[in-house]
Amino acid sequence: MEEQLPQEYGPKWSDQRVERMLGALVVGVVGLLLAMIVTVFVRAWPSFSHNGLAWFGPGGNVDDQLNAIFLSGQNGLEYVYTFHGWPLIWSTILITGGAVAIGLFCALFVAVFIVEFAPEWMTNVLQPVIRFLASVPTVIYGLIGVVVLVPFIGNHLVTEPQKASVAGVISLTGYSLLAATLVLTVMITPLMVSIFSDGLRAVKPGWLEGSLALGVNRWRTTWKIGVRSARPAIVAGTVLAVARAIGEAVMLAMISGSVGFAPNPADGLIFIYEPSRPLAPTIVKNIDQLSSPPANATLFAIAAVLLFSAALFSLTGYVARRAMSKYGAA
Amino acid sequence: MEPVQTPPQPPVTVPPTPPTPQRNPLRPGKKTDAAEGTATWAPVDRVGLAICWALGLLFCAIAVAIVVYLLVQGIKFLRPEMLWTPAAAGFSESETGGFSDALFGTLIVAVLGIALALPTGVAIAVWLVEYGRPAALARVTEMTIEAIAGIPSIVLALFGTVIFSSTALGFLSRTSEGVVFGRSFFAASAMLSLVALPLIVASTREGLNSIPRHVREASYAVGKTKAATTRRILLPTCRPQVMTGAMLGLGRIIGDTAIIVVLLGATQNFAPVEGVGFPLDYLRGAGTTLTNFVYEASPTGNLNQPQKAYAAAFVLLLMVLALNAAVDVVHRRARKVGTWSH
């Protein structure tokens with residue numbers, strides 16, 4: 001009589017078969033990513049090919065261009081593709097750069113504090129706080145920005161003469177670079193703090209003890225030895241934060257001001273009160289134009305730029321983390 | 001030679017070794033157990049420490065402010081009947097009903113999204129840790145997961161509009177006159193599962209990697225296959241990590257707005273597909289979630305009902321807080337189980 005084996009020993013769950021099934025799934029996910037990259041770039045191609053490098057340059061009013069592109073697809077006329085995206089790109093650079101710069105400073109100090117200097121009760125408070133801030137949905141940050149921060153900036157920080165000085169060009173209502181940057185900073189700093197503090201914890205104790213034994217105080221030991229040997233973690237965290245910041249769409253659509261305008265730092269400090277609109281929120285704001293073929297191509301072109309830069313940054317983070325494991329500090 | 005007479009030694013008393021500090025003896029101690037105070041530090045160093053304290057307290061203050069602000073506004077504007085009244089068209093906030101459809105939408109999206117992401121993520125992690133051949137494919141897979149984690153969700157959403165508008169996938173959404181609408185709970189959940197996937201893979205891998213080799217060898221030695229070992233030994237052992245990953249992913253699914261705005265249709269109510277049996281008609285239809293509701297009801301949105309936005313945001317925040325607490329509990333339990341001896 002043949003013995004009845006449990007199902008998992010039968011040919012149905014043999015090792016070769018399981019390996020092949022899992023492998024197929026993995027190949028499928030890799031294929032999905034490749035398909036996504038190809039699809040986005042293929043859809044984006046008409047927009048890029050009509051504009052060439054001028055796509056990335058300045059010229060004209062972006063919002064008018066987007067409108068013309070959309071209408072040309074609706075009316076059965078010849079498709080219009082002319083698009084000069086510099087104001088959107090510049091706004092992305094300003095908001096992301098500002099948030100990451102402030103966030104990097106804050107996150108370094110907070111991570112050092114959590115790992116080295118905070119008393120135990122403070123660590124026990126700070127760690128859940130950081131985890132909480134990292135998990136708050138972006139739309140809640142957007143809501144709080146709209147109802148608290150934006151009116152505050154519009155009513156208390158921007159002065160009447162400042163509003164009057166740019167009245168012909170743009171209206172300063174509080175929807176501004178400043179609001180967007182601050183809220184984005186609060187959003188991405190927790191991400192950096194958690195990666196930084198993992199890196200700082202992984203520093204070899206002997207290195208720190210050697211420095212302490214030489215009579216260097218704990219503050220300088222932490223910064224000269226700890227932070228320096230955790231540099232790969234700092235690069236990785238920063239790069240992930242940049243990728244997250246570039247891709248943030250909904251929160252920025254709510255508080256950046258949604259105007260295709262490039263604030264100019266040469267105008268003086270007033271530029272931080274000026275509204276703008278980064279790349280990702282542009283997609284959200286114009287999402288109902290997908291049915292118009294030229295607008296569809298333009299939105300996919302924006303997505304392609306986002307995809308390219310985000311992929312670039314996250315791959316940099318991956319390489320940095322591999323380097324980190326080579327140093328043994330991971 | 002006279003034999004050297006050793007004088008009788010007094011019995012050596014070993015002084016009791018001082019108890020080593022329990023908390024992380026490998027690190028130079030923190031402020032509380034350090035011999036060194038800050039009195040000898042240069043003023044610059046002390047300013048730096050002050051900045052640390054200030055920033056730490058600032059982030060605590062921000063978190064408290066967010067919770068307290070939404071708590072106050074939520075208590076002021078949340079009425080229990082909002083939770084079971086669907087949104088309606090109206091001119092004032094008292095006429096426009098509640099957000100029950102958004103609440104159920106969030107639950108549907110969460111269940112569907114995690115049902116897709118969890119098996120996929122665990123399978124990928126098992127393949128990476130237990131099989132991982134050929135090595136080149138493993139490297140490519142790692143990079144893929146890394147890349148998916150970095151892709152902005154708005155790009156995922158746009159990609160979703162392309163695949164779910166194809167005729168082949170028309171059965172997942174509404175079709176009228178041969179044109180596939182491409183926006184449905186199926187479409188949104190499928191793309192949202194990609195958002196949760198990297199977190200689940202990372203967490204499961206961490207769990208599998210923490211199981212030492214001899215555990216697997218013991219299982220092989222009694223004749224279990226690799227597949228059986230994975231299913232009966234490895235996965236049950238790293239269940240806490242899998243659950244942590246799943247809950248982190250759930251948090252991201254619940255909190256995502258861009259994919260919902262693009263792939264769930266711009267409605268405030270369920271829009272079930274006619275002529276289809278019960279659960280499928282809703283799942284193939286358009287809908288809304290809490291994040292989308294907050295976005296639309298905020299002062300910059302199309303509805304502009306800030307009071308309802310506060311109420312919905314409060315409910316959403318409660319969900320996130322509950323998830324955070326659950327992650328904490330699982331994490332603590334995982335640590336209590338103890339680590340393997342290597």
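Observations, loosely collected:
- Using the Cβ-Cβ distance between A:Ala323 and B:Val68 with R0 set to 51 Å, the FRET efficiency works out to roughly 0.75.
- With helices as the sole contributors, the protein assembly as shown gives -20000 deg cm²/dmol at 222 nm; each DSSP H run of n ≥ 4 counts as -39500 (n - 2.57), and the sum is divided by every residue.
- When each full DSSP H helix of chain B is screened for a Cα extent of at least 27 Å along its own axis and an average Kyte-Doolittle hydropathy of at least 1.0, the helices passing are B:43-77, B:100-126, B:185-209.
- Cβ-Cβ FRET estimate between B:Ala138 and B:Val329, R0 fixed at 35 Å, reported to 0.05: 0.60
- The simple spin-label model puts a point 7 Å past each Cα toward its Cβ; for A:Lys204 and B:Ala168 those points are separated by 5.3 nm.
- Kyte-Doolittle mean at least 0.0, axial Cα span of 20 Å or more - DSSP H helices of chain A: A:15-51, A:86-112, A:120-135, A:177-201, A:231-247, A:293-327
- Summing charges over all other residues whose Cβ lies under 12 Å from the Cβ of B:Ile145, with Lys and Arg as +1 and Asp and Glu as -1, gives 0.
- Label-to-label distance for A:Leu315 and A:Asn67 is 3.9 nm, based on points extended 7 Å past Cα in the beta-carbon direction.
- Non-local Lys pairs in the protein assembly as shown, i.e. 8 or more apart or on different chains, that have alpha carbons under 20 Å apart: 9
- With the simple model of a label 7 Å out from the Cα in the direction of the Cβ, A:Gln16 to A:Gln74 spans 6.2 nm.
- Radius of gyration and Dmax over the Cα atoms of chain B, both given in Å: 28.4, 120
- Potential extension, A:Phe105-A:Lys285 segment - 0.36 nm per residue separation minus Cα distance: 61.6 nm
- Amide N proximity, segment B:115-136 versus A:Leu25 label position 7 Å along Cα-to-Cβ, cut-off under 16 Å: B:115-133
- Neighbour counts of other Cβ atoms within 10 Å put A:Ile255, B:Ile211 in the fewest-to-most order B:Ile211, A:Ile255.
- Cut-off 12 Å between beta-carbons: net charge of the residues surrounding B:Phe77, Lys and Arg +1, Asp and Glu -1: +2
- Anisotropy class of segment A:87-327 from Cα gyration tensor, a/c 1.5 cut: prolate
- The ranking of A:Leu184, B:Leu323, A:Leu88 by Cβ neighbour count inside 10 Å, starting from the fewest, reads B:Leu323, A:Leu88, A:Leu184.
- Sorting A:His50, A:His156, B:His214 by the number of Cβ atoms found within 10 Å of their own Cβ, with the fewest placed first, yields A:His156, B:His214, A:His50.
Taken together, the values in this text are just the output of simple stated rules run on the coordinates, not laboratory data. The shown structure was predicted, so the numbers you read here are calculated from the model rather than taken from an experiment. Counting neighbours? That spans all protein chains shown, and the Cβs are built from the backbone with ideal geometry, glycine included.
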